[in-house]
1. Would you indicate which of (i) -0.39, -0.47, -0.64; (ii) -0.31, -0.38, -0.56; (iii) -0.45, -0.53, -0.68 is the value of log10 I(q)/I(0) by the Debye sum over Cα atoms at q = 0.09, 0.10, 0.12 Å⁻¹ derived from the coordinates of this structure?
2. Any idea what the relative contact order of region 75-127 is, in percent, if you count C-alpha pairs under 8 Å spaced at least 6 apart?
3. When N is the residue count of region 36-138, what does its C-alpha Rg come to as a fraction of 2.2 N^0.38 Å?
4. Tally Lys and Arg at +1 and Asp and Glu at -1 over the other residues with C-beta under 14 Å from the C-beta of residue 181: what net charge comes out?
5. What FRET efficiency comes out for the pair residue 119/residue 8, r = Cβ-Cβ distance, R0 = 35 Å, nearest 0.05?
6. Given contacts defined as C-alpha pairs under 8 Å and at least six residues apart, what's the relative contact order of the chain, whole-number percent?
7. For residue 186 and residue 143, what is the calculated FRET efficiency with R₀ set at 25 Å and r taken between the beta-carbons, to the nearest 0.05?
8. For a quick check: with amide H placed at 1.01 Å from N, whose amide H comes under 5 Å from residue 99's, ignoring anything fewer than 5 positions away on the same chain?
Amino acid sequence: MDIDKVLRKQKKSYKRFMLSMGFIFVLLPIVLQLSGNFNMFFIFYLVLIETLIIFSMVIRHNEEYLVYKLEGTRLTIIVGARKRRYNISTEKVAIVHTIKNEKIFDLMIVTKSRFRNKRLGHLDFRVLEKYPEVEKVYNKVKMPEEGPYFFFIIRKGGMRKYLLLNLLYKYSSNAIFTESAVERIKETRN
């Protein structure tokens, strides 16, 4: 898979969607004004359609937004329209796992510390039961004297998650990648 080509297609699709929705958003009030029918029903209907268009644009932006920066050993990941920020050290990444999804995949990152990250969830037995492949790797990695492990799942970002996974593979030297994550990395390198 040529990831650059796929990313270009995704970007073009996003731009087409936003431009067409913006065009419809501007065109509908103009058509109502030119028609001259200022009936209460038409105005209410126009307002309803305009809000649905705005919601669809926000939802699409939320699905596509994923930005990450690597500064030294610190990796900053910003996800979604709310711009949730995750700051992790690439040295503290313990396990990287991909979860099969209906569209692409979700990326699960397990770290050894929670430093300045209140959104990271505690990796407990319920999470491990839900993801048996992670549990297998976790039992191999976890030492009794170590503290708790934490995790977060990246669900947004589309095909940019492939680039993030590749970056984690390059710079997280201590991390163990599950079989599903290695298969996703192989897809991008072919």
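Every number here is computed from the coordinates shown, using simple stated rules; none is lab data. Computed from a predicted model, the values in this text were never measured in an experiment. Heads up, the Cβs are rebuilt from the backbone with ideal geometry, glycines too, and the neighbour counts pull from every protein chain shown.
1. Recomputing log10 I(q)/I(0) by the Debye sum over Cα atoms at q = 0.09, 0.10, 0.12 Å⁻¹ here gives the entry labelled (iii).
2. The value is 26 percent.
3. Working: Rg = 20.5 Å, N = 103, 2.2 N^0.38 = 12.8 Å.
So region 36-138 has a normalised radius of gyration of 1.60.
4. +2
5. The formula returns an efficiency of 0.65 here.
6. Working: 233 pairs, mean separation 46.2, N = 190.
With pairs under 8 Å counted, the relative contact order is 24 percent.
7. 0.30
8. Amide H neighbours of residue 99, under 5 Å, 5+ apart: 106, 107, 108.
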